[in-house]
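First the structure, in the form of structure tokens, and then the observations on it.
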Amino acid sequence: MPVATLLPFTATPNRKSASPTSFRLTEKFILLLVFSAFITLCFGAIFFLPDSSKLLSGVFFHSSAVETNTHTGPDSSDAGSAGNDDRLLAKIKKDHEKALLEAKDTLQKLPDVIQNDILADKAKVTKESMGKGAKDGNNLPFIEYHRPPGATGLEPQDPETRERRAKIKEMMKHAWDSYKQYAWGSNELRPVSKHGHSSNLFGDIKGATIVDALDTLYIMEMFEEFDAATDWVEKSLDFNVNAEVSVFEVNIRFVGGLLSAYYLSGKEVFRRKAVELGEKLLPAFKTPTGIPWALLNLKSGIGRNWPWASGGSSILAEYGTLHLEFMHLSRLSGNSEFAQKVMNIRKVLNRLEKPQGLYPNYLNPNSGQWGQHHVSVGGLGDSFYEYLLKAWLMSDKTDEEGKKMYYDALQAIETNLMRKSTNGLTYIAEWKGGLLEHKMGHLTCFAGGMIALGADGAPGDKTGHQMEQAAEIARTCHESYARTTLKLGPEAFRFDGGVEAIATRQNEKYFILRPEVIETYMYMWRFTHDPKYREWGWEAVQALEQHCRVDGGYSGIRDVYASSPNYDDVQQSFYLAETLKYLYLLFSEDDHLPFEHWVFNTEAHPLPVIRKDKTDRPNESKG
Ligand code: DMJ
């Protein structure tokens, strides 16, 4: 189109009758300039005025977007926006359902697990916000340490008790000094031959006696010895071993010992080591059911079960005795994995049918099915029951599942396993596929203390009944000592063939410095203050001094019915961890490691109660 055809609109009005063709050249040029300036202005407005992008999109792109929608959908442009709405609604619904599921999951978790998840999230956020420089050597979250009450105790008022307590401390000193002199760094001491001893339960990990004894040294205020032990842990305790260990033994002695040492002393090295070891144990849970293997190679992470255990089964007292330590590991590391692993064990157990409400000792970790139907409150079963009760107590009585499992199990034990002898001794027999074996192990004698500890929370009005049961078991176990020549109890005693509380088989007559009977005296003393329990404890002290004490420490003996001791030449680490500790507490005031603040793991390592309301919560700032 020629430029001239555009000119009428710009013609000067005063030039009557002048035709557009009659403009002069300069006028035409000016008009052209004005016109192009106008056009430039219009485009400038589009590009440079504020919000021009919106204008652009509104003018140019909005309609085309609608068009695109219209063209891609089967229907009209209305149908396109309805499609958008549907997608939006579906997304909202999906998000909503996800949130509901998460909330449901959270509600199903125990308060402790929720708390651990929160701690883990908190720790993660702290780590991220603090940056690399602020982390400690092991990347553990910062925890403010508060010592729980009763870590040490005052001297007893009564002079005789004070003297007896001092005697126990002297025994501890003899056991410790001997170990230090002849076996420092080994797992245990051979007190007769005076050198080190190591059982294969600990693989190549060293220093079982040092770690097991730490808290006893602390509560007896043997601080010089405690410092030497701490120094050894710092410099020499090494878990980087290419060897197979017993997950249970390493957990109760090493993890438990380190945790207690941390809670008593506040020294970070113990927390760090406990978590490091806990992490090394985690591969044991890599089984189809999550029921851990009994044995684990700490380097390869390969696990297996004891070859003798029914069809490759895991053992109830082993996989069922990780709970207390693992809950604390989650708490101290901010890693909820530990807690999840042990809570899963409960899930597996709760899904299974229990014969007469009893828990068989063997469970296959691959199939999740019971092995042989053997039930025992002694070896292979014992501390599983103990940990159900203590999990509830340690959770500040919030772990209702643990509580229910404990009291239900105890009821089944009472109905099916607890019996009274002709002369009125109450004992807990063993159950083999429905048949009773009328034998009770030294190990089973811990049950007196456990039943007393749980009596207060017993459902219905069974508190008194359970206290009576506990007292009867304490009496039976005392009888098992009193009826021997050396006044120390046999490994197992029977109630058949005309005997009561006496070992009849040669291989059940040994005494290896075990704590269970004294443990029960200690609980019974705390709950009843009946002086007989201190007397019974003192009888044991005298027998230990007379028959087990040797120049190089304390030794187990092979036959408690013999007229003089035949030494087995082993000073077990649990003698320092448990036997001497329970004796010391038996002659201490009740506010030393008081039960409302501390729960003992099965190796007598005290762990603090995890407070639900944050008051008096160790290792967490109040408020
Ligand atoms: C300890 O190692 C623990 O008490 C465990 O639960 C079984 N018994 C020994 C001591 O007898």
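Brief remarks on what is shown
- Number of the exception - Y263 against (1) farther than 22 Å from P141 by Cα; (2) aromatic (F, W, Y); (3) in contact with a Pro (Cβ under 7 Å, 6 or more places away or on another chain): (1)
The rows are residues; the columns are (1) open to solvent by less than 40 Å² (accessible area, probe 1.4 Å); (2) in contact (Cβ under 8 Å) with a residue 24 or more places away in the chain; (3) more than 16 Å from the ligand (Cβ to nearest atom).
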position	(1), (2), (3)
W392	yes, yes, yes
S395	yes, yes, yes
D408	no, yes, yes
L417	yes, yes, yes
K432	no, yes, yes
L436	no, no, yes
L443	yes, yes, no
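- Residue within region 221-240 that is of a type in the set (G, A, S), in contact with a Gly (Cβ under 8 Å, 6 or more places away or on another chain) and open to solvent by 10 Å² or more (accessible area, probe 1.4 Å) present: yes
- Applying a threshold of 7 Å to beta carbon distances and a minimum spacing of six or more residues, or different chains, the list of pairs starting in region 196-219 at a residue that is within 15 Å of T579 (Cβ to Cβ) and assigned to a helix (DSSP H, G or I) and ending at one that is open to solvent by 10 Å² or more (accessible area, probe 1.4 Å) and acidic (D, E) reads L217/E225.
- In the condition set (1) open to solvent by less than 30 Å² (accessible area, probe 1.4 Å); (2) farther than 28 Å from N251 by Cβ, I428 is compliant with all but (2).
- Odd one out for L380 among (1) within 30 Å of D461 (Cβ to Cβ); (2) open to solvent by 30 Å² or more (accessible area, probe 1.4 Å); (3) within 16 Å of the ligand (Cβ to nearest atom): (1)
- Residue that is surrounded by the most Cβ atoms within 10 Å (Cβ to Cβ) [pool: residues in region 560-577 that are among the aromatic types (F, W, Y) and more than 15 Å from the ligand (Cβ to nearest atom)]: Y567
- Filter result for the condition that a residue is buried (at least 23 other Cβ atoms within 10 Å of the Cβ), outside any helix (DSSP H, G or I) and either within 16 Å of the ligand (Cβ to nearest atom) or free of Cβ contacts under 8 Å to residues at least 40 places away in the same chain (or both), over L585, L580, L488: L488
- Per the conditions (1) crowded, with 23+ Cβ neighbours inside 10 Å; (2) more than 16 Å from the ligand (Cβ to nearest atom); (3) of a type outside the set (S, T, N, Q), the sole criterion not satisfied by R526 is (1).
- Test: residue in region 498-517 that is in contact with a Ser or Thr (Cβ under 6 Å, 6 or more places away or on another chain), surrounded by fewer than 20 Cβ atoms within 10 Å (Cβ to Cβ) and farther than 14 Å from A452 by Cβ: yes
- The set of residues from region 557-578 being more than 17 Å from G537 (Cα to Cα) and acidic (D, E) comprises D559, D568, D569.
- Subset of region 161-187 [within 30 Å of F239 (Cβ to Cβ), open to solvent by less than 30 Å² (accessible area, probe 1.4 Å) and within 33 Å of the chain's Cα centre (by Cα)]: M172, A175, W176, Y179, A183, G185, N187
- Candidate set: region 588-605, residues that are within 14 Å of the ligand (Cβ to nearest atom) and polar (S, T, N, Q); chosen: the one least open to solvent (accessible area, probe 1.4 Å): N601
- Scanning region 304-363 for residues that are at pLDDT 95 or above and on the phi > 0 side of the Ramachandran plot yields G312, G334, Q356, G357.
- Selection count, region 241-285, where residues are under 14 Å from G207 (Cα atoms), open to solvent by 10 Å² or more (accessible area, probe 1.4 Å) and within 16 Å of the ligand (Cβ to nearest atom): 2
- Out of E479, E516, sole residue that is closer than 30 Å to G402 by Cβ and in contact with a strand residue (DSSP E or B) (Cβ under 9 Å, 6 or more places away or on another chain): E516
- Of the helices (runs of 4 or more DSSP H) lying entirely inside region 286-367, the ones with 3 or more residues being open to solvent by less than 20 Å² (accessible area, probe 1.4 Å) and over 25 Å from M418 (Cβ atoms) are found at 323-333, 337-351.
- Condition check for E325: closer than 18 Å to V348 by Cα and within 16 Å of the ligand (Cβ to nearest atom): no
The values are calculated or read from the model by the stated rules, or taken from the named source; none is laboratory data. Everything numeric in this text was worked out from a predicted model, so none of it was measured. Ideal geometry is used to build each Cβ from the backbone, glycine not excepted, and the neighbour counts take in all protein chains shown. When the accessible area is computed, the model is the full protein with side chains, heavy atoms only, and any ligands, DNA or RNA have been set aside. Shrake-Rupley method; radii C 1.70, N 1.55, O 1.52, S 1.80 Å.
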